[in-house]
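S.K.: The following block contains the structure, expressed as structure tokens.
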Amino acid sequence: MSAEDVGIIGAGIHPFGRHPGVTGLQMAAAAARAALADAGVSWQEIDFAAGGSDAAGNADTSVSMLGLTGVPFVNVRNGCATGGSALTMAHAMLRAGSADLALVVGFDKHPPGAFNPDPGDWGLGAWYGETGLMLTTQFFAMKIQRYMSEHGISSATLAEVAAKAFRNGALNPNAWRRKSLTAQEILASKMVNHPLTQFMFCSPGEGAAALVLARGARLRGSSRPPVLLRSVAFRTRRFGSFEVFSPSVAIESCPSPTAEAAAAAFEAAGIGPGDVDVAQVQDTESGAEIMHLAETGLCQHSEQEKLIASGATEIGGRLPVNTDGGCLANGEPIGASGLRQVHELVLQLRGDAGARQVPGRPTVGFAHVYGAPGVSACAVLSR
Amino acid sequence: MSGDSVTPIAAGLFTVADGPVRLIGSQCARCGTVAFPSQPSCPKCTSVDVTQRLLARRGTLWSWTIQCFPPKSPPYAVDDPGAFEPYGLGYIELPGEVRVEARLTEADPDRLRIGMPMELTLVPAPGGETQGVVTYAFRPVAEEPNHGGTG
């Protein structure tokens, strides 16, 4: 362990799902307390904090539940990259020596049903929403529809990805969807946006996750098995990237924010995608997991059909993906998902993931989030 | 649908002034990038030297889906889930210009395929049917006869 190393010494989660009567801020405080207890440190010792939600309030309001300690706390509201952005800041503060112990927290609480954003908030005319184009599900459907035709992906593989998610979710006591579904049941469920059926999509939901990060003596002295945060990288879209809520898209194409964030994270870590033992990638719907596997470099484009059929992405496979059930089984509380992924990697690298533990003592983990309006954050962890 | 007695859903989106409907885009004078809807700066090179450009009426279907559930209102114009009918939407690649997102006149998935030729048209805007409010859409057109690759 070098003086520059940043590690994760505590991880906490509030179960994902629906929690009537519990506010997002209460879930955030519960996750933060769990992370602090796991790390064996007190809230008073934290000297930097960052976190946020998309729709459930300002994260620093939760400090009034944890205690008013004067800690510098940055509120983050950065779409699906909220957790990744908070992690990026905490990592940079620790690397710079500006803090020794940091807490990051992500949480959210969304009503049932698809998101219904205001076009004006996205720089679009009201006509875009009035005519029925303002739905994130449409974007994901059209992206995978095109991808399937170019890279030989079948609807059966879309269903297999969702079946794996629910299988893994059934092993995760903190997951929302804990009932296994067969690929046939998933294919036969209600069509939402061709080619994606109801059970191929995640649902907006509720939940919270938090981590305690440390450097120097606080890291070396931790009683928890060391899990190093080797890198974290965050990118936004370039011109030519196909993104949600786009009335037009350039004909010329460019690397996606996912591809750029993943490449930057691997380079900074000095670890390649081939070294990854367990990965969590954004699976807003089952096609997203398939596309993101290749965009992050974890496999080649057009390789996924065979890769998934071979069982490689299962918990016992060569490259286990979304071992906690991903967004499909946990739902999508926007601010919480990115840190849920890292929470899962910490458990897997410690060997504490219980019934869903990846066999063979994994040493390298990778996390990827992606979301509107074209943002991605990736992290590489190792033990 | 003629352009005589219709009200566009938004100003500056399309025009019926000179005959058949045309989408109003913009083109960068510096790098040539075409955008839709028209915008005052170039999304690629950031130049503010952009001019209005009427886009091609024909293109090919780049990707598509069917909207099978009623969108929430707002922002959708109609708040009547019981009366909802699925509709198609997609991106149409206008050669040498840009890929435009649009509603499609076709909602049958078996009659849509990537690469099929499409043409711009007008359709009643959701909720605006009785007031003559229209929006743009693309409809499938018959394949051009194959002249042995010469045309």
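S.K.: Looking at segment A:135-166, which of its residues are assigned to a helix (DSSP H, G or I), in contact (Cβ under 8 Å) with a residue 40 or more places away in the chain and more than 14 Å from chain B (Cβ to nearest Cβ)?
M.R.: Matches in segment A:135-166: A:Thr157, A:Ala159, A:Glu160, A:Val161, A:Ala162, A:Lys164, A:Ala165, A:Phe166.
S.K.: Here's another thing I want to ask about it. Out of everything in segment A:256-301 that is outside any helix (DSSP H, G or I) and among the β-branched types (Val, Ile, Thr), what residue ends up being nearest to the chain's Cα centre (by Cα)?
M.R.: This residue is A:Val281.
Per-residue answers, yes or no, for (1) under 30 Å from A:Gln138 (Cα atoms); (2) surrounded by fewer than 21 Cβ atoms within 10 Å (Cβ to Cβ):
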{"residue": "A:Gly274", "(1), (2)": "no, yes"}
{"residue": "A:Asp277", "(1), (2)": "no, yes"}
{"residue": "A:Thr296", "(1), (2)": "yes, no"}
{"residue": "A:Gln304", "(1), (2)": "yes, no"}
{"residue": "A:Glu314", "(1), (2)": "yes, yes"}
{"residue": "A:Leu319", "(1), (2)": "yes, yes"}
{"residue": "A:Thr323", "(1), (2)": "yes, no"}
{"residue": "A:Gly331", "(1), (2)": "yes, no"}
{"residue": "A:Arg340", "(1), (2)": "yes, no"}
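S.K.: Restricting to segment A:361-373, name every residue that is surrounded by fewer than 24 Cβ atoms within 10 Å (Cβ to Cβ) and in contact with a Gly (Cβ under 9 Å, 6 or more places away or on another chain).
M.R.: A:Arg361, A:Pro362, A:Ala372, A:Pro373
Quick grid of which residues meet (1) more than 10 Å from chain A (Cβ to nearest Cβ); (2) under 10 Å from the mean Cα position of the chain (by Cα); (3) modelled with pLDDT under 95; (4) under 30 Å from B:Cys31 (Cβ atoms):
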site	(1), (2), (3), (4)
B:Asp110	yes, no, no, no
B:Arg113	no, no, no, no
B:Pro126	no, no, no, no
B:Glu129	yes, no, yes, no
B:Gly132	yes, no, yes, no
B:Tyr136	no, yes, no, yes
B:Pro140	yes, no, no, no
B:Gly151	yes, no, yes, no
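S.K.: Let me ask something additional. Does at least one position in segment B:58-73 carry a residue that is of a type in the set (Gly, Ala, Ser) and at the interface with another protein chain (Cβ under 7 Å from one of its Cβ atoms)?
M.R.: Yes, segment B:58-73 contains at least one residue that is of a type in the set (Gly, Ala, Ser) and at the interface with another protein chain (Cβ under 7 Å from one of its Cβ atoms).
S.K.: Right, another one. As an exercise: evaluate A:Ser253 against (1) away from every other protein chain (no Cβ under 14 Å); (2) in a loop (DSSP other than H, G, I, E, B) and give the number of the one condition it does not meet.
M.R.: Answer for A:Ser253: the failing condition is (1).
S.K.: Looking at the structure I just gave you, is A:Glu314 closer than 23 Å to A:Phe199 by Cβ and modelled with pLDDT under 95?
M.R.: no
S.K.: Can you tell me which of (1) under 18 Å from the mean Cα position of the chain (by Cα); (2) outside any strand (DSSP E or B) is the one B:Pro43 doesn't meet?
M.R.: If we test B:Pro43 against (1) under 18 Å from the mean Cα position of the chain (by Cα); (2) outside any strand (DSSP E or B), just (1) comes out false.
S.K.: Suppose the filter is surrounded by fewer than 21 Cβ atoms within 10 Å (Cβ to Cβ) and either within 11 Å of chain A (Cβ to nearest Cβ) or hydrophobic (A, V, I, L, M, F, W, C) (or both); does B:Gln39 pass it?
M.R.: Considered against the rule, which asks whether it is surrounded by fewer than 21 Cβ atoms within 10 Å (Cβ to Cβ) and either within 11 Å of chain A (Cβ to nearest Cβ) or hydrophobic (A, V, I, L, M, F, W, C) (or both), B:Gln39 comes out as yes.
S.K.: Of all the residues that make up segment A:38-54, how many are at pLDDT 95 or above and more than 17 Å from A:Val342 (Cα to Cα)?
M.R.: Residues that pass the stated criteria total 9.
S.K.: Moving to a separate point now. What's the total number of residues in segment A:256-290 that are among the polar types (S, T, N, Q) and either within 14 Å of chain B (Cβ to nearest Cβ) or out of contact with any Cys (no Cβ under 9 Å at 6 or more places or on another chain) (or both)?
M.R.: 3
S.K.: Looking at this structure, is A:Thr182 free of Cβ contacts under 8 Å to residues at least 24 places away in the same chain, of a type in the set (Ser, Thr, Tyr) and either within 14 Å of chain B (Cβ to nearest Cβ) or surrounded by fewer than 22 Cβ atoms within 10 Å (Cβ to Cβ) (or both)?
M.R.: Here the answer is yes, as A:Thr182 does meet what is asked.
S.K.: Of everything in segment A:221-234, what is crowded, with 24+ Cβ neighbours inside 10 Å and touching a Ser or Thr at 6+ places or on another chain (Cβ under 6 Å)? Give them in sequence order.
M.R.: A:Val232
S.K.: Residue under question is B:Pro37, and the condition is that it be within 16 Å of B:Arg103 (Cα to Cα) and free of Cβ contacts under 8 Å to residues at least 12 places away in the same chain; does it hold?
M.R.: So B:Pro37 fails the test.
S.K.: Is at least one residue of segment B:70-79 closer than 25 Å to B:Asp108 by Cα, exposed (fewer than 15 other Cβ atoms within 10 Å of the Cβ), touching a Ser or Thr at 6+ places or on another chain (Cβ under 9 Å) and free of Cβ contacts under 8 Å to residues at least 24 places away in the same chain?
M.R.: yes
S.K.: Residues of segment B:7-36 being assigned to a loop (DSSP other than H, G, I, E, B), more than 9 Å from every other protein chain (Cβ to nearest Cβ), surrounded by 19 or more Cβ atoms within 10 Å (Cβ to Cβ) and over 17 Å from the mean Cα position of the chain (by Cα), which ones?
M.R.: none
S.K.: Name the residues in segment B:88-146 that are of a type in the set (D, E, K, R), under 17 Å from B:Gly59 (Cβ atoms) and not in a strand (DSSP E or B), would you?
M.R.: Across segment B:88-146, the qualifying residues are B:Glu97, B:Glu106, B:Arg113, B:Glu143, B:Glu144.
S.K.: Report whether or not A:Val22 is of a type in the set (A, V, I, L, M, F, W, C) and surrounded by 17 or more Cβ atoms within 10 Å (Cβ to Cβ).
M.R.: When the stated conditions are applied, A:Val22 does not pass them.
S.K.: In segment A:204-220, is there at least one residue being crowded, with 21+ Cβ neighbours inside 10 Å and more than 30 Å from A:Asp352 (Cβ to Cβ)?
M.R.: no
S.K.: Another one. Does A:Pro117 count as farther than 19 Å from B:Pro109 by Cα and at the interface with chain B (Cβ under 9 Å from one of its Cβ atoms)?
M.R.: Yes, satisfied.
The values are calculated or read from the model by the stated rules, or taken from the named source; none is laboratory data. Please read all numbers here as calculations on a predicted model, not as lab measurements. Counting neighbours? That spans all protein chains shown, and the Cβs are built from the backbone with ideal geometry, glycine included.
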